[in-house]
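First up is the structure itself, then whatever we jot down about it.
All of the numbers you see were taken from the coordinates with simple rules; none came from a lab. All of these numbers come straight from a predicted model, not from anything done at the bench. All Cβ positions, even for glycine, are placed from backbone atoms using ideal geometry, and neighbour counts span all protein chains on display.
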Amino acid sequence: MITLKKGDIAPSFTLAAQTDQKISLANLKGKYVCLYFYPKDSTPGCTIQSCQFRDWNERLKEINVLVYGINNGTKQSHQQFASEYNFNFELLIDIDNKVALSYGVWGEKTMYGKKYLGIQRSTFLIDTEGNILKIWKKANPQRNAEDVYNFLKINKL
């Protein structure tokens, strides 16, 4: 499994969003980019995390941060999830898990003693030059967006 760290160049990608817009990391230089990888649309923890990003998104935009959620859900699943909770950011479709693999967040998980492969909840903050500024492995869904905001404010970025 790939292990990224602070200072590494963020793996490049171009993915479709639930709105059919194509999002390319290369086109986002000059902005901070928050990529949060979450396991599945419309599940309890993922809904809490995504709604928190929705609620903090205006404050994050004010400090030059663009937020994107990523998982291997379908366009229809992402559209339904975004519509139901009025998300004000894009959900990116990584149907074949290539981006999750390149960020090292696709791997073995365990639930109720059963092992399976899936996305490990993680968040990456990418600086204005495309380098990884901070990684939250096992990001806390209840405070992930707030953690991103506070990290940038505390470090005066």
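Some values worked out for this structure:
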item	result
Residues of the stretch 29-50 classified as more than 18 Å from residue 98 (Cβ to Cβ) and not charged (D, E, K, R), total	12
The stretch 15-39 - residue that is part of a loop (DSSP other than H, G, I, E, B) and under 17 Å from residue 140 (Cβ atoms) and, of those, nearest to the chain's Cα centre (by Cα)	38
Test for residue 92: is it farther than 19 Å from residue 138 by Cβ and either surrounded by fewer than 17 Cβ atoms within 10 Å (Cβ to Cβ) or out of contact with any Pro (no Cβ under 7 Å at 6 or more places or on another chain) (or both)	yes
Verdict on residue 50 being of a type in the set (S, T, N, Q), surrounded by fewer than 24 Cβ atoms within 10 Å (Cβ to Cβ) and not in a strand (DSSP E or B)	no
Search result, residues across the stretch 72-89 that are over 17 Å from residue 44 (Cβ atoms) and surrounded by fewer than 16 Cβ atoms within 10 Å (Cβ to Cβ)	74, 75, 76, 83, 86, 88
Segments classed as strands (runs of 3 or more DSSP E), wholly inside the stretch 74-134, with at least 2 members that are within 16 Å of residue 10 (Cα to Cα) and within 17 Å of the chain's Cα centre (by Cα)	122-126
